[in-house]
Structures are given as C-alpha cells and as structure tokens.
Amino acid sequence: MEAIWTQLEAWEFNTNDEDHRLTHKFSPNRPVPQEHIHELGVLTWKLDVDEWEKNTLLETIKMDRGYKYSVVTVCHKEMEDFEEKVKGFFQELLHSQEEIRLILDGNGYWDIRDYDGKWIRFHITKGDMIVLPPGMFHRFTLDENHYIKATQPLLALLLFTDVSYRTQHRAESESAASGLYVLIVWILVQERIRGQSAE
C-alpha cells in the first residue's frame, strides 16, 4: 500500500534548559527535510479523523500492519499527576516493536535520533499518523497547548517490549534493538538507490 505522506515540519533540536514543551529551535532555525525523516525509517500519513473509526485508509493500514487501538487523552483534566506523566513521556527510550500514534486532536512533538545521534524534532497535529521503526531512540512531549488526544495502536500479533524498563541485560537489549533499526534503515536506503538507478 502506498503511503499518503503528511507534511511534517521538522528541525534540529536545540538542547537547552527551556521547558521541553517549547519549540527548541536554533536561531536561525535548522530545518530537516521530510525526506530525511522517511530515510530514517519513519512512516507518516495524513488521515481524516473527524470520523476516524469509519476511515477506510485507516482500516487498510490496520489490517496491513496488524494493529489494535486504544484512545488516550493527555491533559490536566484527564490525568492525575499530569506534570509527572508528561515528564515521563519525555524520557528517551526505544522499543522492540513499532511505535504508532494517530493524532485525533491537539498537538505535540516527537524527538528522534539521527544517524549521528543528534535529536530531530517534528511537530505532530490533528490527522497525523506516525510510525517509528523498532529500535529507534525517541521521546514525546506536548506543546504549549498542553493537550493531545491520540489512538495508541498496539501490534496485535507481536509482543510489545519497552526496553527502557528492563533491569537486566539492558545494554545487550538496546544493542540488539538498535542493530535491527540500523538494518531496517540500510534496507530502505538500498531500495532507494535501486529505485534511482532504475529511473
């Protein structure tokens, strides 16, 4: 199935002491092309989510990739210990399976590691569906509106493992997952090279 790409705004993350819910852009800004986000293995779609449960493209993605869904709302009214949970979302981690979110309302930021270890930040808004590949270091935060509502799809057929909570053999687990991510990115790059050679 061919993806319908969303137009993400992405930039190099400026690490400083400001609240992580701010943009953290350099001055001048250092934009990152959306093509580079895709080269890293991130998949993006833009969906009509006003009646998201009836969206045929979403149903196709769900069937193709084996997803199930729950809906999560992150805001002061919906969560106890809101500030602590938001801080927890911003902790860097990786997973052994894909990380998937469909934004139903509100806004936020994903931060992902580039090849050289630098952080890239991109803004997610209503209708964005984002899939991060296995083994990609990432973190999430709200923006200054302090509100987001999203589906939290889980892989129906595979065990979802959060590496950051392992207490034994952490280094080995992270190395294996990161190695899988590097392999996936290498395959994507090779496919792109073959495609350009064929043109």
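The values are calculated or read from the model by the stated rules, or taken from the named source; none is laboratory data. Model, not experiment: these values are computed from the prediction. No Cβ is skipped: glycine too gets one built from the backbone with ideal geometry, and neighbour counts run over all protein chains shown.
Here are a few things to note about the model shown:
- Checklist (1) touching a Ser or Thr at 6+ places or on another chain (Cβ under 8 Å); (2) surrounded by 14 or more Cβ atoms within 10 Å (Cβ to Cβ) applied to V71, failing item: (2)
- Among (1) surrounded by 12 or more Cβ atoms within 10 Å (Cβ to Cβ); (2) within 20 Å of D105 (Cα to Cα) - the single one G41 does not satisfy: (2)
- Residue within the range 134-146 that is of a type outside the set (V, I, T), over 15 Å from H24 (Cα atoms), in contact with a His (Cβ under 8 Å, 6 or more places away or on another chain) and surrounded by fewer than 18 Cβ atoms within 10 Å (Cβ to Cβ) present: yes
- Qualifying residue in the range 49-65 (condition: in a loop (DSSP other than H, G, I, E, B) and among the charged types (D, E, K, R)): yes
- The range 120-140, residues that are among the β-branched types (V, I, T) and free of Cβ contacts under 8 Å to residues at least 60 places away in the same chain: T125
- Taking strands (runs of 3 or more DSSP E) as the structural unit, those lying wholly within the range 91-199 and holding at least 3 residues that are farther than 24 Å from E12 by Cβ, modelled with pLDDT of 55 or more and not hydroxyl-bearing (S, T, Y) correspond to 99-106.
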